[in-house]
Amino acid sequence: MADIARLTQIIEPEAQALGFELVRVKMMPSEAGDGTQALQIMAEDPATGQLVIEQCAALSRAVSARIDALEEQGDVLIEGAYHLEVSSPGIDRPLTRTKDFSDWAGHEAKISMAKGYEGQRNYRGILKGIGGDIVTITDRKAGDVELPRDQIHSAQLVLTDELIAATRPLDTTGAEEVQEDQQEKADD
């Protein structure tokens, strides 16, 4: 299995050199269906909170070149074949950094606690924020709950109308043409 902390140390400077902030580095089964792994990198442009395709491609090229250079020197970072997947975090983004829990306070979130956590395992409700290492959420059933960040297995925003309204689009140029093209095809 790949060392995520080591990969993050290698990937983060590449993202920063392009002006991006790293959101998450994760190894997971590849969606290619070929039994390989995928190295998933999520990053964002701090100005927009997202990445466009050209930015994803630039980060992918930079990370590929860096990993290839290290592997040519004999530093095997990932055993076996893998796919590199670089993406924007999306609207219903994962909450992985301390700032995510404060930046997205007021929005609905889902939080799953790590195995062995004492108490309820899954929470869903309005994220209140973070103070120190304690994340507060108003769970639909349990009310206000304080959760130790180091015990959170995963957290992400829930796609709601309020979240969509709060997320500014990157660039809507050409959106009208796409809708018109789709309508013309439907009319044929």
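The values are calculated or read from the model by the stated rules, or taken from the named source; none is laboratory data. In this text the structure is predicted, and so the values were computed from the model without any measurement. Methodologically, a virtual Cβ is constructed for each residue, glycine included, from the backbone with ideal geometry; neighbour enumeration extends over all protein chains shown. The area values use the complete protein model at the heavy-atom level, side chains included, leaving out ligands, DNA and RNA. Shrake-Rupley method; radii C 1.70, N 1.55, O 1.52, S 1.80 Å.
Things to note:
- The set of residues in region 139-156 being of a type outside the set (D, E, K, R) and assigned to a strand (DSSP E or B) consists of Gly143, Val145, Leu147, Pro148, Ile152, His153, Ser154, Ala155, Gln156.
Okay, residues lined up against (1) out of contact with any strand residue (DSSP E or B) (no Cβ under 9 Å at 6 or more places or on another chain); (2) within 26 Å of Cys56 (Cα to Cα); (3) at pLDDT below 95:
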residue	(1), (2), (3)
His107	no, no, no
Ile111	no, no, no
Gly119	no, no, yes
Tyr123	no, no, no
Thr136	no, no, no
Val158	no, yes, no
Glu176	yes, yes, yes
Asp187	yes, no, yes
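- Of all residues in region 39-54, none are outside any strand (DSSP E or B), open to solvent by less than 60 Å² (accessible area, probe 1.4 Å) and free of Cβ contacts under 8 Å to residues at least 12 places away in the same chain.
- Residues being farther than 19 Å from Arg24 by Cα and either in contact (Cβ under 8 Å) with a residue 40 or more places away in the chain or within 22 Å of the chain's Cα centre (by Cα) (or both) - total across region 134-149: 5
- Which listed residue is within 19 Å of the chain's Cα centre (by Cα) and over 20 Å from Pro46 (Cα atoms), from Lys110, Lys99, Lys128: Lys110
- Of all residues in region 1-16, at least one satisfies being open to solvent by 40 Å² or more (accessible area, probe 1.4 Å), in contact (Cβ under 8 Å) with a residue 24 or more places away in the chain and in a loop (DSSP other than H, G, I, E, B).
- Restricting attention to region 17-38 and to residues that are modelled with pLDDT of 95 or more and in a loop (DSSP other than H, G, I, E, B), the residue that is nearest to the chain's Cα centre (by Cα) turns out to be Phe20.
- Residue selected from region 71-95 under the condition of a type outside the set (D, E, K, R), touching a residue at least 60 places away in the same chain (Cβ under 8 Å) and in a loop (DSSP other than H, G, I, E, B), by the criterion surrounded by the most Cβ atoms within 10 Å (Cβ to Cβ): Leu95
- Of the numbered criteria (1) assigned to a loop (DSSP other than H, G, I, E, B); (2) closer than 25 Å to Ala165 by Cα; (3) among the β-branched types (Val, Ile, Thr), the one Ile126 fails is (1).
- Residues in region 19-30 that are open to solvent by 70 Å² or more (accessible area, probe 1.4 Å) and touching a residue at least 24 places away in the same chain (Cβ under 8 Å): none.
- Any hit, region 61-69, residues being within 26 Å of Pro29 (Cα to Cα), assigned to a loop (DSSP other than H, G, I, E, B), among the basic types (Lys, Arg) and without any contact (Cβ under 8 Å) to a residue 40 or more places away in the chain: no
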